[in-house]
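Here's the structure, in structure tokens; my notes come after.
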Amino acid sequence: MDKLDEEKELLERIFNQTIDIIIVKDWNGKFVKCSPSLAHLYNTTPEEMVGKDDFDFTGNKEQAEFFKKNAQAIMEKGQREIVIEESTNTENGEVRQFRSIKTPFINHRGEKQIIVVAQDITDIIKLQNEHQFILKAMKVGTWSWDVVNDKLEWSDANYEVFGIDKKDFSGAFDAWEKMVHPEYLKTVKLELQQALDGVRVFNTTFPILTPEKELRYIGGKGEVYRDQAGKPIKMIGVNWDKIVEHLNFLENEERKKILHHQAKLASIGQLAAGVGHEINNPLAIADGIVSILKSNLLKAGTIEIETLLTQLEKVTKAHQRIVKIVQGLKSFSRSDTEELELIDPLETINETLNMISDLYKNAGIEFLLDTTNYLKPVFIYANKGLLQQVFLNLFSNAKQALSRSKDKKIEITLEEKKQEIFIRVKDNGSGIPEEIKDRIFDPFFTTKDLNEGTGLGLSIVYSTVKEFKGKIILKSDVNIGTCFELSFPVVYQQKERQQEGA
Ligand SMILES: Nc1ncnc2c1ncn2[C@@H]1O[C@H](COP(=O)(O)OP(=O)(O)OP(=O)(O)O)[C@@H](O)[C@H]1O
Ligand SMILES: [Mg+2]
């Protein structure tokens with residue numbers, strides 16, 4: 001076999017093996033040569049096809065006419081063209097789509113002929129249509145942004161997502177810029193830039209106002225395509241109407257509020273149950289004593305004035321306890337309505353100390369105030385009266401814990417660090433045993449005698465500190481002492497700068 005024969009055989013093999021359709025046609029649209037793939041579609045053999053045209057096999061005159069005219073135009077121009085066209089399967093009548101590359105040439109006899117290489121894209125188009133259908137049904141629009149030439153294209157569905165008519169805008173960019181709220185446009189553009197820079201994925205939401213003045217929340221997601229050097233060339237993404245998600249979000253927020261409210265009601269209920277229990281005790285005592293006194297009085301002459309006085313004293317104590325409980329509860333309810341203002345905590349501490357220093361001195365207690373790390377006054381959002389209550393409660397607990405200590409000290413430290421102020425109240429008293437540490441903030445939890453404590457002090461401290469957006473940490477060791485650390489976010493305010501400037 002010589003070289004020419006060998007090449008001919010190879011060409012023949014390629015021709016016969018290809019899945020794509022390869023045809024050579026003459027000026028009149030007659031087949032000169034064609035691959036078995038088309039012969040199969042036309043339910044015949046390649047040999048049978050030579051000298052005949054499409055009509056001979058499909059019987060579709062219109063289609064055959066189109067093929068012929070189109071091929072002639074291309075041969076006339078002498079330039080290659082890509083055409084998307086349809087062809088019919090003669091066996092089952094199915095119409096299939098092809099992407100045909102048509103290349104005109106002049107054969108060795110000087111006649112104009114054309115080579116058509118056609119790729120069956122029916123399945124791709126079907127998939128594309130399905131894809132479009134799904135996106136449209138789900139009201140999702142697509143966009144494609146040619147980053148290099150700065151050209152944006154929208155699918156028709158995207159115009160629907162934005163609730164606008166395509167023809168009212170000069171292009172997708174025009175539509176986008178006019179619809180998005182100017183403030184958000186800036187943000188979204190920044191987010192796009194960040195996506196191109198590769199610092200974050202593009203996933204955003206922005207509000208628009210449709211021509212019908214309807215507010216919509218549009219979701220946007222996109223992916224960046226890059227060249228080999230990593231330079232962005234294209235972004236492809238989707239937009240969808242997010243109003244349902246947005247409404248769900250709002251509903252969720254509302255639900256959270258309700259839950260919060262319910263939790264509050266539950267805690268009030270718990271409190272009320274506790275109050276009932278606590279008040280019942282002193283009431284029972286008072287009631288019991290009164291009935292004893294009554295029956296004693298009935299047995300006239302048997303009661304001594306001394307006994308009468310001690311019994312009545314017990315009634316007074318019970319009464320005092322009720323008053324104390326009710327007072328404590330009042331400071332709970334009050335903290336809800338009290339206005340917050342800028343407060344320098346040191347000032348409040350000094351005022352509180354002024355009120356009580358004599359009393360504590362008499363009990364042998366020394367106050368130490370350390371402000372080494374509190375160099376300039378800072379301000380927190382709080383309420384002065386309530387903050388005083390917090391310190392009074394902490395001091396009074398410390399005082400009671402110190403009753404059996406020799407060297408009675410209460411150390412107060414103020415420290416400002418990283419926009420936070422730390423206030424520590426430390427005593428060297430009895431300390432708090434591990435097993436009750438997580439209960440001491442509960443309302444009515446007390447280890448003190450009936451007439452000494454209500455157990456409301458620390459729960460008031462806790463709720464007040466929370467109200468001022470603060471935190472509270474407890475450190476305590478039995479027989480060594482206890483430290484309560486409060487911390488609050490610092491609010492720097494003009495009030496301070498004005499003072500400094502003046
Ligand atoms: N500094 C402290 N040292 C040791 N124990 C403390 C200290 N502070 C609180 N406690 C413990 O925590 C319990 C609860 O304190 P809380 O202030 O809530 O109530 P109370 O002091 O018992 O009563 P009230 O404050 O109404 O007089 C106390 O009974 C005590 O056992
Ligand atoms: Mg207390």
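Derivation of every value follows stated rules applied to the coordinates shown; laboratory data play no part. Note that this is a predicted model, so its numbers are computed, not measured. Reconstructed Cβ throughout: ideal geometry from the backbone, glycine too, with neighbour counts over all protein chains shown.
Which of the peptides 6-19, 448-461 is most tightly packed, and how do the rest follow, judged by the mean count of other Cβ atoms within 10 Å per residue?
In decreasing order of mean packing, 6-19, 448-461 become 448-461, 6-19.
Give me the number: length gained by fully extending residue 196 to residue 435, i.e. 0.36 nm times residue separation minus the C-alpha to C-alpha distance, one decimal in nm.
Fully extending the segment from residue 196 to residue 435 adds 80.3 nm.
Can you work out the Karplus-derived ³J(HN,Hα) for every residue in the range 147-162? Use 6.51 cos²θ - 1.76 cosθ + 1.60 with θ = phi - 60°, whole Hz, and x for glycine or proline.
Those phi angles translate into 5, 5, 9, 6, 10, 10, 10, 10, 6, 4, 4, 5, 5, 5, 4, 7 Hz.
Using r as the Cβ-Cβ distance of residue 3 and residue 236, and R0 as 51 Å, what FRET efficiency do you calculate, to the nearest 0.05?
0.55
Which FRET efficiency value, to the nearest 0.05, do you get for residue 375 and residue 259 by plugging their Cβ-Cβ distance into 1/(1 + (r/R0)^6) with R0 = 56 Å?
Rounded to the nearest 0.05, the efficiency is 0.85.
Size of the dipole of the range 3-120 about the Cα centre, Lys and Arg at +1 and Asp and Glu at -1 on the beta carbon, nothing else charged, in debye to 20?
460 debye
Quote the charge dipole size of the chain about the Cα centre in Debye, to the nearest 20; the model charges only the Cβ of Lys and Arg (+1) and of Asp and Glu (-1).
For this selection, approximately 1780 debye.
Taking θ as phi - 60°, what are the ³J(HN,Hα) couplings along the range 419-428 by the Karplus curve (6.51, -1.76, 1.60), each to the nearest whole Hz, with x for Gly and Pro?
Ordered by residue, 3J(HN,Hα) equals 6, 9, 10, 10, 10, 10, 10, 10, 10, 10 Hz.
Using each residue's phi in the range 53-60, evaluate 6.51 cos²θ - 1.76 cosθ + 1.60 at θ = phi - 60° and report the 3J(HN,Hα) Karplus result to the nearest Hz, with x for Gly and Pro.
Couplings: 10, 4, 4, 4, 9, 8, x, 9 Hz.
Taking the Cβ-Cβ separation of residue 316 and residue 353 as r and a Förster radius of 45 Å, what is the calculated FRET efficiency to the nearest 0.05?
0.90
Roughly what would the spin-label model give for residue 13 and residue 409, points 7 Å off Cα along C-beta, in nm?
Simple spin-label model gives 10.0 nm for this pair.
By per-residue mean of other Cβ atoms within 10 Å, what is the highest-first order of 311-317, 34-40?
My ranking of the peptides, most packed first, is 34-40, 311-317.
Hey, got a sec? Which chymotrypsin sites (Phe, Trp or Tyr not before Pro) in the range 429-493 land in a DSSP loop and have at most 11 other Cβ atoms within 10 Å?
Here the sparse-neighbourhood loop sites are 492.
Could you give the length gained by full extension between residue 50 and residue 205, i.e. 0.36 nm per residue of separation minus their alpha carbon distance, to one decimal place?
Full extension of this stretch gives 49.7 nm more.
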